[in-house]
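**Student:** First, the structure itself, so that you have it in front of you.
Every number here is computed from the coordinates shown, using simple stated rules; none is lab data. From a predicted model like this one, the values you see are computed outputs, not experimental measurements. Here Cβ is always computed from backbone atoms with ideal geometry, including for glycine, and neighbour counts include all displayed protein chains.
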There are 2 protein chains.
Amino acid sequence: MNNPLDRIRIVLSHTSHPGNIGAAARAMKTMGLTQLYLVNPCADPDGVGRARSSNARDVLEGAVVCASLEEALEGTVLAAAMTARMRELAPPPQWARAAAPQMVAAAAHGPVALVFGNETAGLSNEEVALCRLPVMIPTNPAYSSLNLGAAVQVMCYELRLAALDPGRPPAPENPPATAEEIRHFYEHLEAAVTQSGFLDPAHPKRLMPRLRRLFDRIDLERDEVSLLRGMLKTFMKTGNKVD
Amino acid sequence: MNNPLDRIRIVLSHTSHPGNIGAAARAMKTMGLTQLYLVNPCADPDGVGRARSSNARDVLEGAVVCASLEEALEGTVLAAAMTARMRELAPPPQWARAAAPQMVAAAAHGPVALVFGNETAGLSNEEVALCRLPVMIPTNPAYSSLNLGAAVQVMCYELRLAALDPGRPPAPENPPATAEEIRHFYEHLEAAVTQSGFLDPAHPKRLMPRLRRLFDRIDLERDEVSLLRGMLKTFMKTGNKVD
């Protein structure tokens, strides 16, 4: 199967501010979504909308403008509706994190829509009724008003994580130290602290276990063990010996 | 312990656009965060910033303005740095979803900071080096440029979910049907389809199992069973009997 994100359309219904349409396009593209549908946008994306879309102008320019939500949902096998409040006769809503995998699973069978309402009024009950899956983003009950672009960002982020394993974050590949290298480091460390007098072999207390507990947490790399042992070597050369 | 979100500060370093500071304040407040620190903002939040903060003006007005990142990190037990790319000498980065619980856990011991860099340049290597935990948001490799306010929204969303169990989404509390009520419904349904001739008892095929498979998926509520049985009753009354 190709990328399920290609089959998930973001539908913005009756959006008032062109800047929010641009921000939504940018949010979509950062997460790999491209299908934007606009139902009766109160404003065409103007200069502000284009500015806020940044380099997602292609998503904005490819947007499908529809006269009704029914038209925007044509051909979909699942339509989800963002809602900030309970709707009496709608199905029980799902949190964003639970809804995203359901939408990705449905995208295996056909187009899926996620519908966002107007900035002030949200979706009408009639619009929610056209969708089978009401979705909510958990928010601060004292202030639940996400900006439209921000809500699109959160949902597209959840959809991306549900659709694609991000693997491990990019990091320099440094070979880890082997168990033997670590053992030699601790022997070296013990010799150094014994020579300096910091460790008294007659009264070792718990010095070495405490130092091990500290260095064990580091996941030392091979080069770092060399670095530390080089440092110990110069300490042992230049320091005074204890008799 | 009180709410860990009260001990997590969002630090914006060298932000260029006041609108983004306002959007960040709004994003924070929707997720229940309130501690905003601004390091050398290139612009004071002006009218645009205040407009985009919407009703999070209190977060914006309570912002602590600092001359350096060191100052903004004072007193923290953990500082995390948002980064969009690999940094050679930094610790291995964590994805947002893995980093959030670490930050929440650290907040039990003291203040925690999450640092966002300038819109164009991000954080400098020197700034990242002041933080122990580099954090990345998984993005579309072909276009990874999240808007600053959108990145703050995603991170505050992850922090909220890591800190607080959202419980179940608000939904009308309708009592579910009992097993007995469901059984009576199926008996009623079988009687109705038998009377109408849709089910031929001599050749039942797999009609009832298929109807059960369909209705079993609904999690029928008590009132809905009554509704369906009322409907069946009128079908049986008005329909013609099969002989």
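**Student:** Pick out which of B:147, B:174, B:118 has the largest mean-square fluctuation in a Gaussian network model of chain B, springs linking Cα atoms closer than 10 Å.
**Tutor:** B:174
**Student:** Regarding chain A, what whole-number volume in Å³ per residue does the convex hull of its Cα atoms give? All intermediate terms of the calculation are to be shown ahead of the outcome.
**Tutor:** Working: hull volume 51.7 nm³, N = 243.
Spread over its residues, the Cα hull of chain A gives 213 Å³ apiece.
**Student:** In debye to the nearest 20, how big a dipole does the protein assembly as shown give about its Cα centre with +1 on each Lys and Arg Cβ and -1 on each Asp and Glu Cβ?
**Tutor:** Roughly 700 debye for the protein assembly as shown.
**Student:** Report the FRET efficiency, 1/(1 + (r/R0)^6), for residue B:222 and residue A:227, where r is their Cβ-Cβ distance and R0 is 51 Å, rounded to 0.05.
**Tutor:** Details: r = 70 Å, r/R0 = 1.38.
The value I calculate is 0.15.
**Student:** I need the P(r) histogram for the stretch B:95-221: all alpha carbon pairs, bin width 5 Å from 0 out to the longest distance, whole percents.
**Tutor:** For the stretch B:95-221, the binned pair fractions read 2, 8, 12, 13, 10, 6, 4, 5, 6, 6, 8, 8, 5, 4, 2, 1, 0 percent.
**Student:** Using a Gaussian network model of chain A whose springs link C-alpha atoms within less than 10 Å, name the residue from A:223, A:44, A:165 with the highest mean-square fluctuation.
**Tutor:** A:223
**Student:** In the stretch A:67-107, which GluC sites (Glu not before Pro) are in a loop and have at most 15 other Cβ atoms within 10 Å, using DSSP for the loop call?
**Tutor:** Details: sites: A:70, A:71, A:74, A:88; in loops: A:74, A:88.
Sites meeting the loop and neighbour criteria: A:74, A:88.
**Student:** Could you sort A:12-22, B:178-188 so that the peptide with the highest average Cβ count within 10 Å comes first and the rest follow in order?
**Tutor:** Working: A:12-22: 23.2, B:178-188: 13.4.
My ranking of the peptides, most packed first, is A:12-22, B:178-188.
**Student:** Determine one quarter of the surface area of the Cα convex hull of the protein assembly as shown, which equals its mean projected area, and express it in nm² to one decimal. The partial results should precede the final answer.
**Tutor:** Values: hull surface 132.3 nm².
For the protein assembly as shown, averaging the hull's shadow over all directions gives 33.1 nm².
**Student:** A further question follows. Let me have the relative contact order for chain A, percent, based on Cα pairs under 8 Å that are six or more residues apart.
**Tutor:** Relative contact order here is 20 percent.
**Student:** Sorted from shortest, what are the nm distances separating the label point of residue A:217 from equivalent points in the other copies, each placed 7 Å from Cα along Cα to C-beta?
**Tutor:** Counterpart label points of residue A:217 in the remaining copies fall at 5.1 nm.
**Student:** Lys/Arg Cβ at +1, Asp/Glu Cβ at -1, dipole of chain A taken about the Cα centre: which of A:98, A:41, A:51 is farthest positive-ward?
**Tutor:** Selected residue: A:98.
**Student:** I'm checking a number: the convex hull volume of the Cα atoms of the stretch A:179-238, normalised per residue, in Å³. What is it?
**Tutor:** Normalising the Cα hull of the stretch A:179-238 by residue number yields 73 Å³.
**Student:** Could you compute the net charge surrounding residue A:37? Neighbours are other residues with a C-beta less than 9 Å from the C-beta of residue A:37; K and R count +1, D and E count -1.
**Tutor:** On the way: positive: A:9; negative: A:71.
It works out to a net charge of 0.
**Student:** Could I ask something else about it? On average, how many beta carbons from a partner chain sit within 10 Å of the beta carbon of a residue in A:29-35?
**Tutor:** 5
**Student:** Filter the trypsin sites (Lys or Arg not before Pro) in the stretch B:30-124 down to the DSSP loop ones having no more than 15 other Cβ atoms within 10 Å, then list what survives. If you can, show how the numbers build up before the last one.
**Tutor:** On the way: sites: B:50, B:52, B:57, B:85, B:87, B:97; in loops: B:85, B:87.
Taking the stretch B:30-124 and a limit of 15 other Cβ atoms within 10 Å, the loop trypsin sites (Lys or Arg not before Pro) found are B:85.
**Student:** Using all C-alpha to C-alpha distances in the stretch B:145-209, build P(r) with 5 Å bins and read off the rounded percent in each one.
**Tutor:** Whole-percent P(r) values from 0 Å outward: 3, 12, 11, 10, 8, 7, 6, 6, 7, 7, 9, 8, 4, 0.
**Student:** List the distances, in nm and shortest first, from the label point of residue B:48 to the matching label points in every other copy, placing each point 7 Å from Cα along the Cα-to-Cβ direction.
**Tutor:** 1.1
**Student:** Give me the net charge of residue A:23's neighbourhood, meaning all other residues with Cβ under 12 Å from the Cβ of residue A:23; Lys, Arg count +1, Asp, Glu -1.
**Tutor:** Details: positive: A:26, A:29, A:50, A:52, B:52; negative: A:119.
Surrounding charge for residue A:23 is +4.
**Student:** Antiparallel as a % of all DSSP beta bridges within chain B, to the nearest 5?
**Tutor:** Percent antiparallel among DSSP bridges in chain B is about 10.
**Student:** Report the charge-dipole magnitude of chain A in Debye, nearest 20, computed about the Cα centre from +1 at each Lys and Arg Cβ and -1 at each Asp and Glu Cβ.
**Tutor:** 920 debye
**Student:** Label residue A:71 and residue B:178 with points 7 Å out from Cα along Cα→Cβ: what is the distance between them in nm?
**Tutor:** Between residue A:71 and residue B:178, the simple spin-label model gives 5.2 nm.
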